[in-house]
Each structure stands twice: as C-alpha cells, then as structure tokens.
Amino acid sequence: MDADLTPVEVVGLGIRSEEDAAEFYGTIAKMIKNDLVKAKFESLAREEVGHKQVLSALYKRMTGESAPPKIPGSPNTAEGGGIPVGVDNIEGLLELAISREHSANMFYRDAAKKAKDNNGKRTLEYLAGIEHGHEVMLKEELKAYLNDKDWYSNNPDIQLVGP
C-alpha cells in the first residue's frame with residue numbers, strides 16, 4: 001500500500017478494489033462450464049460487491065459523502081487491478097485469483113495498522129480475514145482442478161468446497 005495515502009483514500013482505493021474483484025470473478029464465472037463451480041465464482045463476485053458496500057458505508061461515516069474520493073495517480077488496488085489480459089485458462093485464473101486475494105489480505109491488514117479510529121481498524125481487519133478465507137478456498141479449488149481437470153471443466157454432479 002502507498003504510504004502517502006490518507007485513511008479516506010485507503011477506503012476509496014478499497015472500494016475500487018472490490019469493484020475490480022467483482023468484475024474479475026464475474027468474468028471467471030462466464031468462462032467455467034461446470035455449473036457448480038460457476039456458481040461459486042458468481043458467489044465470490046457477489047461477496048466482493050458486499051465488501052464494496054461495507055467500505056462505502058465506512059467512507060460515508062468518515063466523510064459524510066456518498067462518492068469515494070478520486071485517488072491521485074494510479075496506485076495499485078488491493079485486488080491487483082481489473083481483468084487480466086492473456087490469462088484465459090482455469091489454472092492461470094485460479095493462480096491469479098489466489099495471488100489477488102493474498103494481496104487484498106495484506107493491503108487491508110496494512111491499512112488496519114494505520115487506521116486512526118477503532119471502527120475503521122475493525123472493518124479493515126474484518127475484510128483482511130475475509131480475503132484470507134477467499135485465498136484458502138481458492139487454493140482448494142486449484143488442488144481440485146489439478147486433481148481432475150475433466151471433472152472441473154465438465155461434470156456438474158459433485159459439489160466442491162466453499163460457498
């Protein structure tokens with residue numbers, strides 16, 4: 001995380017990050033043929049939208065304003081940016097998703113350490129824990145995929161771990 005960002009800008013960056021993450025998982029969901037796995041990624045996209053709502057409420061409590069700030073320059077988002085170019089296979093997308101969730105976890109943990117108020121600190125720590133949970137779940141998804149790529153791509157008869 002950029003050390004020069006104000007607490008308000010950190011929350012604004014988090015809002016943008018969660019938007020990126022929701023779009024990322026929605027894109028992955030469209031690429032997956034297995035209906036159960038597709039539903040899992042659609043669920044992740046919805047969770048990220050929920051995270052955006054949590055951060056938007058925090059931003060409004062901090063500033064009284066509804067719209068998040070425009071952050072100068074182009075700092076990286078917690079989730080690593082928008083949709084990747086050139087990653088079009090499930091294994092690569094899962095690896096990227098794991099990396100992004102790890103980055104988001106670290107971003108929110110670092111932001112929580114710098115938070116000026118307890119409510120913001122608790123919210124950021126909570127989000128860090130959720131992102132860590134996503135990382136763990138996605139690692140299990142990657143293991144399942146590597147164990148049986150055909151099932152993962154085609155057979156909707158068995159539910160994998162997660163939501």
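Restrict the check to segment 134-153 and report whether at least one residue is under 25 Å from S56 (Cα atoms), at pLDDT below 80 and exposed (fewer than 13 other Cβ atoms within 10 Å of the Cβ). No: zero hits.
Residue count for segment 89-128, restricted to those that are charged (D, E, K, R), free of Cβ contacts under 8 Å to residues at least 40 places away in the same chain and more than 18 Å from V8 (Cα to Cα): 1. Scanning segment 63-87 for residues that are modelled with pLDDT of 70 or more and surrounded by fewer than 16 Cβ atoms within 10 Å (Cβ to Cβ) returns T63, G64, E65, S66, A67. Counting residues in segment 100-115 that are modelled with pLDDT of 80 or more, of a type in the set (S, T, N, Q), under 13 Å from the mean Cα position of the chain (by Cα) and farther than 17 Å from L142 by Cα gives one or more. Taking the criterion of being farther than 16 Å from L58 by Cβ, surrounded by fewer than 16 Cβ atoms within 10 Å (Cβ to Cβ) and of a type outside the set (D, E, K, R), the residues of segment 88-133 that qualify are N89, G92, S99, M106, G133.
The values are calculated or read from the model by the stated rules, or taken from the named source; none is laboratory data. On a predicted model such as this, the values are computed, not experimentally measured, just so you know. Reconstructed Cβ throughout: ideal geometry from the backbone, glycine too, with neighbour counts over all protein chains shown.
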